[in-house]
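J.: Please find one structure pasted underneath; my questions will follow.
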């Protein structure tokens, strides 16, 4: 199966609205063209959907999703989001976090790391309990698991972004480190390509995604030497549960 990960579009209510000097809606439309190009089985949008946290911004995102995509979509909030409005506008047509998608023999678990009034992320006890229950569901068996959330679950080596990561990454790590079906964790927030792993679990790939809006100063070199361009990631999982991925970049205009 193929997962197209897009992240951090930062839409606003105005069609012509600029975010960090970029036309957010136009960049978002360009990003969705990747679905036509790669024909994924599902699309994951890993946070910071709406910069101004407005009803109009979420409606613009929904309209473009329904116009350009025919596959299932999973969405989750970031720090630049209003989770209630996100659920109101997108909840009928997308899987929202916390939530689960079963796709062609793969389980995708979406987490909500939004923390009101803070740039850093947080997963409370209630959500961690939900995740523990889903990981231990005896009816699922050893189906491969992919986790998606907005905030990085570890330090990536960026002096600013590391102050705004998942502040309680220890409890999440403790919960996942011995989960044998886990094959990957996808996150946004960092506006750049990043990949790594926990020392105890080199088989679990931790993958940061570029933004569809604009790139940030990067920690790791961009494999395609286009760190400033909008981008995304294409994840493929074979029948044996092996995860491979490719960085996607496209021109801003």
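The values are calculated or read from the model by the stated rules, or taken from the named source; none is laboratory data. This one's a predicted model, so the numbers in the text were calculated from it and none came from an experiment. Methodologically, a virtual Cβ is constructed for each residue, glycine included, from the backbone with ideal geometry; neighbour enumeration extends over all protein chains shown.
J.: Quick one: which residue in 207, 166, 248 is within 25 Å of residue 141 (Cβ to Cβ), surrounded by 16 or more Cβ atoms within 10 Å (Cβ to Cβ) and in contact with a strand residue (DSSP E or B) (Cβ under 6 Å, 6 or more places away or on another chain)?
T.: Going through 207, 166, 248 in turn, the sole match is 207.
J.: Take the residues in the range 1-19 that are part of a loop (DSSP other than H, G, I, E, B) and buried (at least 24 other Cβ atoms within 10 Å of the Cβ), then tell me which one is nearest to the chain's Cα centre (by Cα).
T.: 7
J.: Among (1) buried (at least 17 other Cβ atoms within 10 Å of the Cβ); (2) over 24 Å from residue 222 (Cβ atoms), which single condition is residue 125 missing?
T.: It fails just one condition, (1).
J.: Give the residues of the range 157-209 that are farther than 15 Å from residue 220 by Cα and in a helix (DSSP H, G or I), sorted by residue number.
T.: Passing the criteria: 163, 164, 169, 170, 171, 172, 173, 174, 175, 176.
J.: Could you list, ordered by first residue, the pairs with Cβ atoms under 9 Å in which the first is in the range 204-224 and more than 20 Å from residue 235 (Cβ to Cβ) and the second is in a strand (DSSP E or B) and modelled with pLDDT under 95, at least 6 apart or interchain?
T.: 213/11; 213/19; 213/22; 214/19; 214/22
J.: Based on this model, can you work out whether residue 159 counts as surrounded by fewer than 14 Cβ atoms within 10 Å (Cβ to Cβ) and either under 29 Å from residue 12 (Cα atoms) or without any contact (Cβ under 8 Å) to a residue 40 or more places away in the chain (or both)?
T.: Yes: the conditions hold for residue 159.
J.: Restricting the range 105-118 to residues that are farther than 15 Å from residue 181 by Cα and in contact with a strand residue (DSSP E or B) (Cβ under 8 Å, 6 or more places away or on another chain), which is surrounded by the fewest Cβ atoms within 10 Å (Cβ to Cβ)?
T.: My answer is 115.
J.: Residue 93: surrounded by fewer than 19 Cβ atoms within 10 Å (Cβ to Cβ) and in contact with a strand residue (DSSP E or B) (Cβ under 8 Å, 6 or more places away or on another chain), yes or no?
T.: yes
J.: Among 32, 49, 85, which is the only one that is buried (at least 24 other Cβ atoms within 10 Å of the Cβ), touching a helix residue (DSSP H, G or I) at 6+ places or on another chain (Cβ under 8 Å) and touching a residue at least 12 places away in the same chain (Cβ under 8 Å)?
T.: Result of the check over 32, 49, 85: 49.
J.: Same structure again: Might you check whether a residue that is part of a loop (DSSP other than H, G, I, E, B), under 15 Å from the mean Cα position of the chain (by Cα) and touching a residue at least 12 places away in the same chain (Cβ under 8 Å) occurs anywhere in the range 232-247?
T.: No, the range 232-247 contains no residue that is part of a loop (DSSP other than H, G, I, E, B), under 15 Å from the mean Cα position of the chain (by Cα) and touching a residue at least 12 places away in the same chain (Cβ under 8 Å).
J.: Now a separate question. Write out, first by first residue and then by second, each pair whose Cβ atoms fall under 7 Å of each other, whose residues are 6+ apart or on separate chains, and whose first residue, in the range 104-125, is at positive phi and touching a residue at least 40 places away in the same chain (Cβ under 8 Å) while the second is surrounded by fewer than 19 Cβ atoms within 10 Å (Cβ to Cβ) and part of a loop (DSSP other than H, G, I, E, B).
T.: 104/1; 104/41; 105/143
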